[in-house]
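The block underneath contains the structure these notes are about, expressed in structure tokens.
The values are calculated or read from the model by the stated rules, or taken from the named source; none is laboratory data. Remember, it's a predicted structure, so these values are computed and weren't measured experimentally. FYI the Cβ positions are ideal-geometry reconstructions off the backbone, even for glycines, and counts take in every protein chain you see. Calculation scope for accessible area: heavy atoms of the full protein, side chains included, ligands and nucleic acids excluded. Shrake-Rupley method; radii C 1.70, N 1.55, O 1.52, S 1.80 Å.
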Amino acid sequence: MARQQKYIFVTGGVISSLGKGLAAASIGTLLESRGITVTLIKMDPYINVDPGTMNPTQHGEVFVLEDGAETDLDLGHYERFTNVNLSRKNNFTTGQIYDRVISNEREGKYLGQTVQVIPHVTDQIKAHIKSAAEGADVAIVEVGGTVGDIESLPFIEAIRQMRYDLGRENVLYVHLTLVPYIEVAGELKTKPTQHSVRALRSDGIDVDILLCRSKQALDDEIKSKIGLFCNLQKDEVFSAVDVRSIYEVPICLQKEGLDEKIVERLNMWTSKPNMSAWSKMVNKIKQPKYELHIGIVGKYVDLKESYKSLNEALVHGGIFHDTRVNIEHIDAENLEHSDSAVSDALDGMDGILIPGGFGERGIEGKIAAAKYAREKRRPYFGICLGMQIAVVEYARNVVNWQDASSAEFSESSGHLVVDIMDKQKNIKGMGGTMRLGSYDCNIVEGTKAFSAYNKKMIRERHRHRFEVSNKFRNELAAHGLVLSGFCREERVSANGKDLVEMIELKEHPYFMACQFHPEFKSKPLAPHPLFKSFVGAALEYRKGAK
Ligand code: GLN
């Protein structure tokens, strides 16, 4: 008989943004360190089929998986904190569940029945969870939203049934709450946690392990108090204290004995945890030898969540070079006023990065930033839209095609050096229709891209509709733009030509851009080659500038 799968369900209480995704990811790190194979799943209570059509200021970044699924940013944490390679099964929404239930109903699969939340919707949720969990010893499943939300009730009911179906040894409930410190009283307050645990209990879920977010560690006395009110032993109540780097979270939780308790409760025999590589990496983050500043010129400056993977990939590049990378989010629109606005914002930067993006706002400011980087010989890294911007800037200011533009922003230009991809031309629907996911890219030997990767063939993840126009590419190359990576997969381009995936400049210390999103594949223990080389170049610049 097949081995019984084990499940850890992670819920959140009191307030949102407590870091449930990080808690789930950290449990993954700790279990993997004991030789357990894990997978991580996120259930999102909203009705969109996926977050691909949402504004990043509402939802945070859209994280793209190998198979092209557009997913919640927590899946980025899951992949960065563990060795898992997730697929579209690992993130599902209420929208997807209902979509399936309604299709089933139309196909006559429930013939004669009244279709209801229980059992039809909850059965569908359980089927999704089980299918995504296949092959792993333990599936860690994060329930999106906060306990008490109306939207997440079917998910809560489904996970309640899973313990009923599979037994206590195979299902564990971990609840993350907030224990606020009230300055005027000089005390940590446990009441919100008590309420949250009680709310879960009234939905039929008895919490097994409580993770308490707090400014300072909880002492035994307060753990006992929380335990008494929440029906838990004090060693089932854990502190999850605020830390400077997210990568410290697994280490702190391990010190509290969380992984020990989890394997004990799931009745699993494991090897001893080995966190030495992870601890070494965290120490490097905490005690860097160098420091530098990277300016990210984008549309979203207030919400760091919009560029989550990018920020992390820069941290990873920094780990490799023993360097703290300070990130400044620069509003592209502010660079549109004057040259001095550009210098004011960028003079102090050791490197300039233009990330992926959509829409016209801030485009001219981004072009000004690329021009500044090219002319001032400042390290530049363009990602997706950042590559398209670099090509438009080069066409305008080096080749001297004043009207050069991208078809995303101009209908009339005679030099659309960035154009809609052939395969995208007739697409009308918006959800999941871009060029998405992993494609091969051939790197041209002798280029900086080749030195960064040290490989002729790479595979990276994409999310775009536009590309460098094959009509103008030879002329651009004749004027010195180095085309350093190509996708040769036939399906990309109906006219049979390959697609430009990377560009760079020869006579520049570091001016590199790619059509794909390398940030989605960077991990703290395996920093991405392009982030290593970009941070390395910025460090060189900084040393020279001193
Ligand atoms: N808007 C551009 C495109 O669709 C760039 C997309 C991106 O940066 N992810 O091609």
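Worth pointing out:
- For the cross-link pairs K423/K521; K471/K521; K455/K521; K189/K223, the ones whose C-alpha atoms lie over 22 Å apart are K423/K521; K471/K521.
- The range 148-194 and the range 522-546: distance between their alpha carbon centers, rounded to Å: 41
- The distance linking the range 273-352 with the range 392-456 is 25 Å (Cα centroid to Cα centroid, whole angstrom).
- Degrees separating the helix 308-320 axis from the principal Cα axis of the chain, which is the longest one: 80
- Net charge, T122 excluded, C-beta distance under 12 Å - Lys, Arg +1, Asp, Glu -1: -1
- Burial ranking of peptide ranges 460-468, 357-365 (average Cβ count within 10 Å, highest at the top): 460-468, 357-365
- Pairs spanning more than 29 Å between alpha-carbon atoms, out of K284/K448; K299/K371; K89/K286; K126/K280: K89/K286; K126/K280.
- Value at 222 nm in deg cm²/dmol, rounded to 500, when DSSP H runs of n ≥ 4 in the chain each add -39,500 (n - 2.57): -10500 deg cm²/dmol
- Its residues counted as N, the range 443-491 yields a C-alpha radius of gyration over 2.2 N^0.38 Å of 1.26.
- The range 383-472: C-alpha gyration tensor shape, a/c 1.5 cut-off, then a/b vs b/c: oblate
- Rounded to whole Å, sorted largest first: equivalent-ellipsoid semi-axes of the range 430-545, Cα gyration tensor: 25, 19, 12
- The chain: angle of helix 276-286 to the longest principal axis, Cα-based, in degrees nearest 10: 60
- Surrounding net charge for D99, when Lys and Arg each add one and Asp and Glu each subtract one, Cβ distance under 13 Å: -1
- Surface exposure of the range 105-245, expressed per residue as accessible area with a 1.4 Å probe, stands at 49 Å².
- Protection proxy ranking of 107-115, 172-180, by the mean of other Cβ atoms within 10 Å over each peptide's residues and highest first, is 172-180, 107-115.
- Ordering of 140-147, 33-40, 517-524 by burial proxy (mean other Cβ atoms within 10 Å per residue, highest first): 140-147, 517-524, 33-40
- Separation between Cα centres of the range 212-262 and the range 43-94, rounded to whole Å: 28
- Taking Lys and Arg as +1 and Asp and Glu as -1, the other residues whose beta-carbon sits under 10 Å from that of T82 total 0.
- Shape category assigned to the range 56-135 from the gyration tensor of Cα positions, a/c cut at 1.5: prolate
- Spin-label model distance (nm) - S245 vs N454, 7 Å beyond Cα toward Cβ: 2.2
- Candidate aspartates and glutamates - alpha carbon under 13 Å from K523, same-chain residues fewer than 8 apart omitted: E79, E312
- Distance between the 7 Å Cα→Cβ label points at E336 and E445: 4.6 nm.
- Rounded to the nearest 20, the Cβ-based charge dipole of the range 407-485 about its Cα centre (Lys and Arg +1, Asp and Glu -1) stands at 340 debye.
- Fraction of accessible area attributable to carbon and sulfur, the chain (%, probe 1.4 Å): 48
- Per residue solvent-accessible surface (Å²) - the range 277-322, probe of 1.4 Å: 44
- Per residue, in Å², the accessible surface of the range 333-469 once ligands and nucleic acids are set aside, probe 1.4 Å: 41
- With both labels modelled 7 Å from their Cα along Cα-to-Cβ, the N474 to D67 distance reads 4.1 nm.
- Angle between the chain longest axis and helix 363-375 axis [Cα atoms, degrees, rounded to 10]: 60
- For the chain: rounded, prolate or oblate by the Cα gyration tensor [a/c cutoff 1.5]: prolate
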